[in-house]
Structure formats: C-alpha cells, structure tokens
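Student: My structure is below; once you've seen it, I'll send some questions.
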Ligand code: SF4
C-alpha cells in the first residue's frame, strides 16, 4: 500500500541538536581545534562594562570559519545557511532557535573591533600553535610562494599611468579602500615595493596591482603569500602584498622573521621558485639568517653557443680571483695602488679580467672569447651567497626539497577550487589581508581535522 505523508500530530519533541551532527562532519572535526577563548581575551579591553550586551564576537568568528571552511563566499548567503543548517547551528552554538545576526554585522565587526585588536591574526596564531602542539610542524624545512588572486574591481573603472595622481585624492570623501591605499604608500609590501608606476590604477581599489603575470588578459590582483612547513603543509604565516616580485620577496622575509619571533621556529632550509632567487634575497637567507636556500638562481651566465660559461671558471676566495680553464688568473685590477683601500672590492657588480697578452696566446681563445680581445667574468656583490645556492642545488636533497615545494602550490589550488577564493570579495589591503588570514585559518583547521581525526577512542577520552 502506498504511504501517504501526514503532518505529525506531536506538539513537543525531545530533540538533541548534538546528536544530529554526524561524527565525521567537517565542522565537528574542526570544532575540536578551534580555540575561541582567544577571541574574548583579545577583545576584553575593547568593550565597556556598561550598556547593552553586544552580539558575541565568538559567534561572528565561528560563522566566518563556517563560511571559509566550506567555501560559502557571500556573507548574506552564510547567514541564510547558518539559519537553516543544523550542523552550522551546532558549530555556532546557536541551538535550534538562536538568532542569526544580520549580514551587515560582519562588516561592522571587521572594520571595528576585529581590526583594532588584530583579532583574525590572533585566531590564526592560535590555530598554528595548536598545529605545533599536535606535532604537525617539524620546523626544519619551509616553502614559500605567492599566488595571484583577482581583486574585486572592474577593469574599465581605472586610470592610465599618465592620468593617475595620488595627490589629487581628497581623503575626507574617499572610500575606505582608497584611504587604506593612501596609508600603505610607504609600506614595502605595497607603495614602496617599487618606484615603477603601474600601467593602470583602479579607482575603487588603487592598492591592487595591474598585472599580466597570469599569462592571459591583464587583471587587477593582490598576491597571497604563504609560508608553509613542508612536513604536513601547514601554513605557518600568511601575508597580502601587491602582485610584484619585490613585494613578494619582502613578504617572505617578513614571514620568516615573524614565525621565529612568535613561535621560536627558524627553518634549516627554505625552498622557493626562481622569483626568490635574487642575489640580495639569497644573501639575506644565507648570511643573515643562516638558512640553506633551495632556490633556482636568476642566472644568465650559462652560455649556449659552445664557449666557456662562468661555471667553467673557478673562484679563489683567498686570493680574490678567478682561474680560467687554461689555468690563467682573472683579477679585478693589476695596478699597484699606493693606497691599499683602492684595491678593496667595491660594492655592486665587479669585473675580473685576464690580460690581452694571455688570451692572445691561448689555444682555447676561440672557445672562450672569439669576438673580444680578452675575457672578463662579472661577479655580483653577493656572489658568495649565489655560489652557496648553486652548491645546494647540486646536493642530493635538492630534488626532495623541490618536490616538497609543490605542497604550497597544492594549497593555492585548493584555496581557489575548493574554498572558491579565485576572486576577492573585500577591497583594500586590510580587507584583503582579512580574507587571506581567514582562508589560512580554514585550511589549517581542515588540515588538523584530516590528520588528527576523532576516533572512537578519542571521543571516549573527551
Ligand atoms: S682566452 Fe684567456 S681567459 Fe679564456 S681560457 Fe684562454 S687565457 Fe683563459
């Protein structure tokens, strides 16, 4: 007999919300690792003891975690989903009839107390600390990379380089993202990263970078910089910058120092792509921080026409000279200066030369300098650090380190495909930093949930 759906006659139910959320639900797993005590501690001094109680900031943080963990990008939709979904209600401690805040509450909190107290970073660091206590961070090897995320701007609403004038902006009537742009003009991650003016500047989000680096039509974007521990691909720091190489390299240095300062973790080695292979960055890593760089060099010294490359010339550090394949010396100067200081190596690029007489008499001249009288080798100021990186690249461990670098690229792919952060929703450097920090919190929480799942045994212990 066909069943007929009938409205239940019972008026009262014995309903246990806790029992409705499956043990393997992502939010149940994530909930074990989200320490929300830090929210109240960080915001304590920002609230008055008098007046009407506000919406609990913990609820806002929990809702944001739901949104970023499950890829719900719109705050309006997030409010609807939390209202209707039992698992979301359970995670947000709303019970069955708790009131879901209006979507406009998010921006009020974000631009107010959250930003004043740097709350999202506090929560992020609490999650990283949990990863450390769970044994997910080895601290031996880090990987760093940046990924372009499209800014929330219209390409048409922009000015070319010749028409953009920062001095003409009236700060009093400018929107929030433009005021934030003015605030970061001297910041090395944004305005001070380069003196080169961008080809176009967006009117609504001028801090975003016009770039064609993604091998397609140029876009306005920001760079999301991740520093990860390579053991389990846990994000140990995150930073938003303009989408240019100098800003990204600066962010990598900032993140390495900040991780050391906050958690006392300094890696033994760092793996990154060629963008991080400048002589200055390698010198900073090798000489100032004593970190082994597994980073391909930006090196144009290898020749492909069959003549000797620079790697065929041997550097003699004690005598400060190169030795060519024919055993002759290439030196900085052959003059005997009366003032010894004039023989001291100058900063910047230096040229080491053989004499014309030596090269003219050399049997290998056609394989060395067929079109010039003599051969010279240019040496960068930080060539010793570059040599160290070359040695690291030849080591057996290099291939393993390069394989581990893929983990950070996987995180960016996950961020865009699963967490749907292919395009930003917020504008301005602060809004973008908030989005990247929340995404990193979500990715780390998901990682904890995956690598430290709740088993029957752990449930009984809890
Ligand atoms: S040409 Fe000059 S620099 Fe080159 S191998 Fe001969 S002597 Fe050395």
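Student: Considering each of 144, 122, 178 in turn, give the residue that is outside the structural domain of residue 211 (by TED's automatic domain parsing), at pLDDT 90 or above and not in a loop (DSSP other than H, G, I, E, B).
Tutor: 122
Student: Checking residue 249 against (1) in contact with a helix residue (DSSP H, G or I) (Cβ under 7 Å, 6 or more places away or on another chain); (2) assigned to a loop (DSSP other than H, G, I, E, B): exactly one of these is not met. Which one?
Tutor: Here residue 249 clears every test but (2).
Student: Of all residues in the stretch 302-340 being free of Cβ contacts under 8 Å to residues at least 24 places away in the same chain and closer than 19 Å to residue 371 by Cβ, which is nearest to the ligand (Cβ to nearest atom)?
Tutor: Residue satisfying both the conditions and the ranking: 312.
Student: In the stretch 352-363, how many are within 9 Å of the ligand (Cβ to nearest atom) and under 48 Å from the mean Cα position of the chain (by Cα)?
Tutor: Total satisfying the criteria: 2.
Student: Hey, could you check the stretch 368-394 for residues that are out of contact with any strand residue (DSSP E or B) (no Cβ under 8 Å at 6 or more places or on another chain) and farther than 15 Å from residue 297 by Cα and say which is farthest from the ligand (Cβ to nearest atom)?
Tutor: Restricting to residues being out of contact with any strand residue (DSSP E or B) (no Cβ under 8 Å at 6 or more places or on another chain) and farther than 15 Å from residue 297 by Cα, the top hit is 371.
Student: I'd like to check something: does the stretch 359-371 contain any residue that is part of a strand (DSSP E or B), closer than 22 Å to residue 326 by Cβ and touching a residue at least 12 places away in the same chain (Cβ under 8 Å)?
Tutor: No, every residue in the stretch 359-371 fails to be part of a strand (DSSP E or B), closer than 22 Å to residue 326 by Cβ and touching a residue at least 12 places away in the same chain (Cβ under 8 Å).
Student: Can you go through 297, 270, 285, 332 and tell me which one is under 21 Å from the mean Cα position of the chain (by Cα) and modelled with pLDDT under 90?
Tutor: 297
Student: Residue 287 versus (1) free of Cβ contacts under 8 Å to residues at least 40 places away in the same chain; (2) farther than 30 Å from residue 446 by Cα: which is the lone unmet condition?
Tutor: Of the numbered conditions (1) free of Cβ contacts under 8 Å to residues at least 40 places away in the same chain; (2) farther than 30 Å from residue 446 by Cα, the odd one out for residue 287 is (1).
Student: Conditions: (1) closer than 25 Å to residue 247 by Cβ; (2) assigned to a helix (DSSP H, G or I); (3) at pLDDT below 90. Residue 155 meets all but one. Number of the miss?
Tutor: (2) is the only condition that residue 155 fails.
Student: Okay, moving on. Check residue 202 against each of (1) farther than 27 Å from residue 408 by Cβ; (2) in contact with a helix residue (DSSP H, G or I) (Cβ under 7 Å, 6 or more places away or on another chain); (3) crowded, with 20+ Cβ neighbours inside 10 Å and name the one condition it does not meet.
Tutor: The number of the failed condition is (2).
Student: Of 98, 112, 138, which residue is at pLDDT below 95, over 18 Å from the mean Cα position of the chain (by Cα) and within 30 Å of residue 180 (Cβ to Cβ)?
Tutor: 112
Student: Report those helices (runs of 4 or more DSSP H) wholly inside the stretch 1-82 carrying at least 3 residues which are assigned by TED's automatic domain parsing to the domain that holds residue 95 and within 26 Å of the chain's Cα centre (by Cα).
Tutor: In the stretch 1-82, 26-31, 37-43, 57-69 are the helices (runs of 4 or more DSSP H) which contain 3 or more residues that are assigned by TED's automatic domain parsing to the domain that holds residue 95 and within 26 Å of the chain's Cα centre (by Cα).
Student: Collect the residues in the stretch 181-199 that are crowded, with 16+ Cβ neighbours inside 10 Å and assigned to a loop (DSSP other than H, G, I, E, B), keeping them in residue-number order.
Tutor: Result: 184, 187, 188, 189, 190, 198.
Student: Follow-up. With respect to residue 257, determine if the residue is within 16 Å of the ligand (Cβ to nearest atom) and either more than 23 Å from residue 391 (Cα to Cα) or part of a loop (DSSP other than H, G, I, E, B) (or both).
Tutor: no
Student: Another question, then. Could you please give the count of residues in the stretch 403-421 that are surrounded by fewer than 17 Cβ atoms within 10 Å (Cβ to Cβ) and in contact with a strand residue (DSSP E or B) (Cβ under 7 Å, 6 or more places away or on another chain)?
Tutor: 1
Student: Now a separate question. Could you check the stretch 67-99 and list, in sequence order, the residues that are without any contact (Cβ under 8 Å) to a residue 24 or more places away in the chain and closer than 14 Å to residue 55 by Cβ?
Tutor: 82, 98, 99 - these are the residues of the stretch 67-99 that are without any contact (Cβ under 8 Å) to a residue 24 or more places away in the chain and closer than 14 Å to residue 55 by Cβ.
The values are calculated or read from the model by the stated rules, or taken from the named source; none is laboratory data. Here the structure is a predicted model, which is why all the values come from computation and not from measurement. Cβ atoms come from the backbone with ideal geometry, glycine included; neighbour counts cover every protein chain shown.
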